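J.: Pasting in a structure now, in structure tokens, and then I'll have a few things to ask.
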Amino acid sequence: MFRLFAESLYAYELARALASQPRFTGSDGEARARELVVKELSGFGYDVRLEPFRVRVFEVERAALEVIEPERREVECSGVGFSGETPEEGVEGELVYIEGGDPLLVPSSRGWIGLASTRPDKEGWRRLAGRASGLVIAESSPQRGLSRVDVPYEWRERYGSLPAVYVRYADALRLLGARRVRLTLRQEYREVEAFNVIAERRGTKYPDEVVYVTAHLDSVYGVRGAVDNAGGVALAVALAKALSGAALKRTVRFALFSGEELGLRGSLAHVEARKDELRNVVLVVNLDVHGGALGTTRAVVTGSKSLKHALEFLAKRHGVRVEVAEDVMSSDSASFARQGVPSVNIFRVSGANNAVHTADDGPDSLHPLAFEVAGFLALELVREVANAEEVPYDREIPEEVKKKVDEYFRKRLGIYE
């Protein structure tokens, strides 16, 4: 079979291997995945090193939800990491529907348990913590399994404990008829050492100018994370394989970050340690959410309009249909954007994305064809920028995009005041 991207089958097989077990930050599963990608990158002749950083993690010991009135029954749920914890016996209270944490619906009293249609943002969390005894969050779709996610640990430290769990959409519908519930969430927190994997090949003519190819190696708690983001890591390593014999004018640096699912922790640590070097980074090509069959390739540009136009021109020249937006993506590229470094986020939209952050995001979601167009486009983009005599776009982030980046860190990620 003719392949647009010669390494698509390799990417698929590597993604399946990486998605054979969960890769939560600091876990044994992540360590085994890291060893695998280090072995692969070293075998292609790259200079590979590990970059350690400290990060906080959680472990959910017990999550339970019980309807007390009008009839007793158990409801399956999953705990939200870093949200808080209850006493061993749990907390009991009136169940109050609060939509998205709308102030209009939030009672002035204390001790109740909220039923939310979506996870509140930082301001909503601040409003609810200390007032509600707990929070039950409905999944967004009847087709989704239980999310295994967390909130930034800073929220608990700043605003107080708000033990929270997710329930399935259908169970949330039934809970609309419940009056009182008991919620139990027990979890532990600790600090661990995690590692980013950095591999690079020096440029032949402009070695001080750097093109990054990034992806995050970790998965959410207890999830194999095939599409998010074993597929992205595998695609990054496949690009390294495809470029291993090339003499590129600029340095190409591959960075596989840990702690992305905990709030971009690995990439934030990386850019903080390399602030003085970032002025020489001409582009970040970030690969997050890949491998799902029967989908389309899309891109988010966090940078100048000329970068967006350069990507669109490249895509049209090669006959690639890709929808390109100007925005900030909730991924490791945002850490670079915060320091003024432009990025192109290439990702895959498919039905498999509905399982992201749930136990259903397993290797069966992956298919070799899913890496063809995305891999071809990413490879051509890296080659184009790495070999251009002059960078073919303005290396800047416009003010309107900077505002979006700032809003992302203050409101959506919520780890900066």
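Here, each number is a calculation from the coordinates, and none is a lab measurement. Owing to the predicted nature of the structure, the values given are computational and were not obtained by experimental measurement. Note that we place each Cβ from the backbone using ideal geometry, even for glycine, and neighbour counts take in every protein chain shown.
J.: For the chain, with a Gaussian network of springs between Cα atoms less than 10 Å apart, report the residue from SER141, SER335, SER219 with the top mean-square fluctuation.
T.: Among SER141, SER335, SER219, the largest mean-square fluctuation in the Gaussian network model of the chain belongs to SER141.
J.: Give the angle, between 0 and 90 degrees and rounded to the nearest 10, that separates the Cα long axis of helix 305-318 from the longest principal axis of the Cα atoms of the chain.
T.: 70
J.: Over the chain, what relative contact order in percent results from Cα pairs under 8 Å that are six or more residues apart?
T.: Over the chain, the number comes to 21 percent.
J.: Continuing with the same structure: Along the charge dipole of the chain, Cβ charges K/R +1 and D/E -1, which of GLY124, PRO368, VAL37 sits furthest on the positive end?
T.: PRO368
J.: Continuing with the same structure: When the Kirkwood hydrodynamic radius is evaluated over all pairs of different C-alpha atoms of the chain, what value in angstrom, to one decimal, is obtained?
T.: Evaluated on the chain, it is 22.1 Å.
J.: Still on this structure: Just how large is the dipole of the range 308-417 about the Cα centre, in debye to the nearest 20, putting +1 at every Lys and Arg Cβ and -1 at every Asp and Glu Cβ?
T.: Approximately 120 debye in magnitude.
J.: With a ≥ b ≥ c taken as the square roots of the eigenvalues of the C-alpha gyration tensor of the range 263-417, please select rounded if a/c is under 1.5 and otherwise prolate if a/b is larger than b/c or oblate if it is not?
T.: Note, shape of the range 263-417 comes out oblate.
J.: Order of ASP218, ASP364, ASP150, ASP276 from fewest to most other C-beta atoms within 10 Å?
T.: If I rank by nearby Cβ atoms, fewest first, I get ASP276, ASP364, ASP150, ASP218.
J.: Tell me the relative contact order for the range 111-245 as a rounded percent, counting alpha carbon contacts under 8 Å between residues six or more apart.
T.: Once normalised by length, the contact order is 20 percent.
J.: Relative contact order for the range 61-188: what is it in percent, counting Cα pairs under 8 Å that are at least 6 residues apart?
T.: 42
J.: Let me ask something else about it. Under a GNM of the chain (C-alpha, springs under 10 Å), which listed residue has the highest mean-square fluctuation: ASN280, ASN387, ASN345?
T.: Between ASN280, ASN387, ASN345, it is ASN280 that shows the largest mean-square fluctuation.
J.: What is the magnitude of the charge dipole of the chain about its Cα centre, with +1 placed on the Cβ of each Lys and Arg, -1 on the Cβ of each Asp and Glu, and no other charges, expressed in debye to the nearest 20?
T.: Magnitude of the dipole: close to 500 debye.
J.: Quick one: angle between helix 372-387 and the longest Cα principal axis of the chain, in degrees between 0 and 90, rounded to 10, please.
T.: The angle comes out at about 50 degrees.
J.: Under 23 Å Cα-Cα from LYS305, which lysines qualify once same-chain neighbours fewer than 8 residues away are excluded?
T.: Straight-line reach from LYS305, under 23 Å: LYS316, LYS402, LYS403, LYS404.
J.: Same structure again: Taking only Cα atoms, what is the 0 to 90° angle, nearest 10, from helix 28-43's long axis to the longest principal axis of the chain?
T.: Computed tilt is about 10 degrees.
J.: Provide the packing ranking of 285-294, 255-264, 69-78, i.e. peptides ordered by the mean count of other C-beta atoms within 10 Å per residue, highest first.
T.: Answer by packing, highest mean first, reads 255-264, 285-294, 69-78.
J.: Based on the mean of other Cβ atoms within 10 Å per residue, sort peptides 123-135, 199-211 so the most packed one is first.
T.: For the peptides 123-135, 199-211, the packing ranking is 123-135, 199-211.
J.: Can you tell me the dipole magnitude for the range 143-187 around its Cα centre, using point charges on the Cβ only (Lys, Arg +1; Asp, Glu -1), in Debye to the nearest 20?
T.: Once rounded to the nearest 20, the dipole reads 300 debye.
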